[in-house]
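Structure record follows, encoded as structure tokens.
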Amino acid sequence: MTAATVHNEASEFVYRLRWRPWGLRPGGHVGQRAGMGHLFLGYASLLDHPDPRRLDLRASLRDPFGTLFTRTFRQRSAITVMVVADLSSSMRFGDKATFLRGFVDATARSAAACGDAFGFLGTGDRLEDALHLPPSFRRGAAQRLKGLLDNGPPLGETAQSLEAAGARLPRHRSLVLLVSDFHWPEDRLERVLQGLSRHDVVPVVVWHTREYTELPRYGLVGLQDPESGHRRMLFMRPGLAERLRASYQRRRQILTRVFTRFGRRPFFSGERFDPDALTDYFLGTP
């Protein structure tokens, strides 16, 4: 396992890989390739790796055939970090848009500080080219997204286009931060994860506390279906409020079960981005 640690800005975070990248570009993660590094990989003949500076005389003298051996080390490699964001109407509730802006900014700066490429893909009913930032190692590449995320309208009422998001992502394995409130049917959730299965997907679940905890005991409340966008008025009472809270708890259990089966447990966030909590998530993931 490898970790990339960032200290420059308070809003940056640490992310850790559970796999070794195969990339040629030097970076901050221990890779699979032999190259310039400090983690011992093994021995190779001088003919295969003609670097006399790393000649190991003891290993060479032990070989009965007189082969000259050099020490090889694992190269530290760069990776691609992609944010795939649900920009459907339910993600405009409360401060979820504010969360997304802060999250994208922190992820871009964290990736740049670690020598990794950063990319972004916004999804909804459709995939919008204006909200697709191909992976780039250039610092500040994500700045143009800020205005689009601030002022852009929702991309429809659902996150249906996420099922086709995999075709827009790099072919090589990447760290994909999948940001949504995940108010989708379970079968769609599984199709999305299957389409992203070649990547290391970190589900970031954004729920606003007003959705399920800050409910009045009595009174008329306007509720909106997060999938269809339809609104309805309900007379809130203690029993109904408790059923709504229980439904979110059941949803949390379902998401945890499905995401864990596909590789990683979800990171549940409130409406405000907490980089320290995300760091704890990565460092606490086995």
Being basic (Lys, Arg), modelled with pLDDT of 85 or more, in a loop (DSSP other than H, G, I, E, B) and closer than 25 Å to Ile254 by Cα is the requirement here; does Arg198 meet it?
yes
Restrict the check to the range 175-194 and report whether at least one residue is at pLDDT 65 or above, of a type in the set (Phe, Trp, Tyr) and surrounded by fewer than 16 Cβ atoms within 10 Å (Cβ to Cβ).
no
Are there helices (runs of 4 or more DSSP H) fully within the range 52-154 with at least 3 residues that are surrounded by fewer than 15 Cβ atoms within 10 Å (Cβ to Cβ)? List them.
57-62, 143-151
Just checking, how many residues over the range 114-147 are farther than 19 Å from Phe273 by Cα, among the hydrophobic types (A, V, I, L, M, F, W, C) and at pLDDT below 85?
4
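The values are calculated or read from the model by the stated rules, or taken from the named source; none is laboratory data. Given the structure is predicted, the values throughout are model-derived calculations rather than measurements. Glycine gets a Cβ as well: all are built from the backbone with ideal geometry, and neighbour counts include every protein chain shown.
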